[in-house]
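Below: the structure, in structure tokens.
The values are calculated or read from the model by the stated rules, or taken from the named source; none is laboratory data. Here the structure is a predicted model, which means the values were calculated and not measured. So basically every Cβ, Gly included, is an ideal-geometry build from the backbone, and we count neighbours across all protein chains shown.
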Amino acid sequence: MADSPKYKRVMLKVSGEALMGSREYGLDPETVQQIAGDVRDVSRMGVEVCLVVGGGNIFRGLAGAAAGMERSTADYMGMLATVINALALQNALEKLDVDTRVLSAIPMATVAEPYIRRRAVRHMEKGRVVIFGAGTGNPFFTTDTAAALRASEMNCDILLKGTKVDGVYDADPVSVPDAKRYDCLTYMQVLTQDLGVMDHSAISLARENSIPIAVFSIYQQGAFADVLRGNGRYTIVQHDCA
């Protein structure tokens, strides 16, 4: 079938900033609901879905460190912010009758299950959406790296990064109207040209485990499902573009 998904198990990375919508900080309920709707639609296609969500809409560790806060403390605060976002997404998904579990790398049994790899895999095998909170559970690692790590641990077929734009460009498409969008890039191109798709640790981890990365616009309704069918506008990062 032409419209059938090309991937069985996928990881979606959503930045905290994406959840802000047009706000300056915090959560935009309409944006959260739209993202939840897209995840529901993909789950109903028979795809096993897990997510890593950032916390930059609430607190960003690097910004805190730059302002004089001790880096580890700032990063832990950022990890706690990701759990807030994970719970918000879980709530939105369950309102759409999607069975969802939040697994936290920092134990907090009252609000989330502890992260156990085999448990997470079993949830996805049962058709549940799994949201990973608290990053890797360690300071000095970004949620991009957490997404690549969890995608590797879950044996995901692809890692998708939902952003504000529909792919990777050679310049900021907002300020440079004729910026070129790449259809395909290799991992090495992203690393050597420092294109900022994800941080270098995340790209290297995806490369080592041969997990392609697709960058698309999370704000375009239905784009998540389109990418998994091989349609729509996005940039794919993989070993070879030939």
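Yes or no, residue by residue, for (1) closer than 20 Å to residue 198 by Cα; (2) assigned to a helix (DSSP H, G or I):
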site	(1), (2)
55	yes, no
97	no, no
108	no, no
118	no, yes
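Tell me which residues, restricted to the stretch 139-167, are within 30 Å of residue 121 (Cβ to Cβ) and of a type in the set (A, V, I, L, M).
Matches in the stretch 139-167: 146, 147, 148, 149, 151, 154, 158, 159, 160.
Being among the hydroxyl-bearing types (Ser, Thr, Tyr) and closer than 16 Å to residue 38 by Cα is the filter here; which residues of the stretch 91-136 pass it?
Selection gives 100 alone.
Between a first residue in the stretch 73-95 that is among the β-branched types (Val, Ile, Thr) and a second residue that is part of a helix (DSSP H, G or I) and modelled with pLDDT under 95, which pairs have beta carbons less than 9 Å apart while being 6 or more apart in sequence or on different chains?
Once the first residue is among the β-branched types (Val, Ile, Thr) and sits in the stretch 73-95, its partners that are part of a helix (DSSP H, G or I) and modelled with pLDDT under 95 give 73/61; 73/64; 73/65.
Are any residues in the stretch 116-136 surrounded by fewer than 17 Cβ atoms within 10 Å (Cβ to Cβ) and of a type in the set (Gly, Ala, Ser), and if so, which ones?
Residue satisfying the conditions is 127 alone.
Which residues, taken from the stretch 89-115, are among the hydrophobic types (A, V, I, L, M, F, W, C), over 20 Å from residue 138 (Cβ atoms) and surrounded by 22 or more Cβ atoms within 10 Å (Cβ to Cβ)?
Residues satisfying the conditions are 89, 92, 93.
Among 166, 144, 226, which is under 26 Å from residue 106 (Cα atoms), among the acidic types (Asp, Glu) and either touching a residue at least 24 places away in the same chain (Cβ under 8 Å) or not in a loop (DSSP other than H, G, I, E, B) (or both)?
It is 144.
Mind listing whichever residues of the stretch 8-49 are more than 17 Å from the chain's Cα centre (by Cα) and either of a type in the set (S, T, N, Q) or under 14 Å from residue 99 (Cα atoms) (or both)?
22, 44, 46
Identify the residue in the stretch 1-25 that is assigned to a loop (DSSP other than H, G, I, E, B) and basic (Lys, Arg) and, among all such residues, is farthest from residue 154 (Cα to Cα).
Taking the candidates together, the pick is 23.
Restricting attention to the stretch 194-215, does a residue exist that is more than 21 Å from residue 150 (Cα to Cα) and either polar (S, T, N, Q) or assigned to a strand (DSSP E or B) (or both)?
Looking for residues that are more than 21 Å from residue 150 (Cα to Cα) and either polar (S, T, N, Q) or assigned to a strand (DSSP E or B) (or both), one finds none in the stretch 194-215, hence no.
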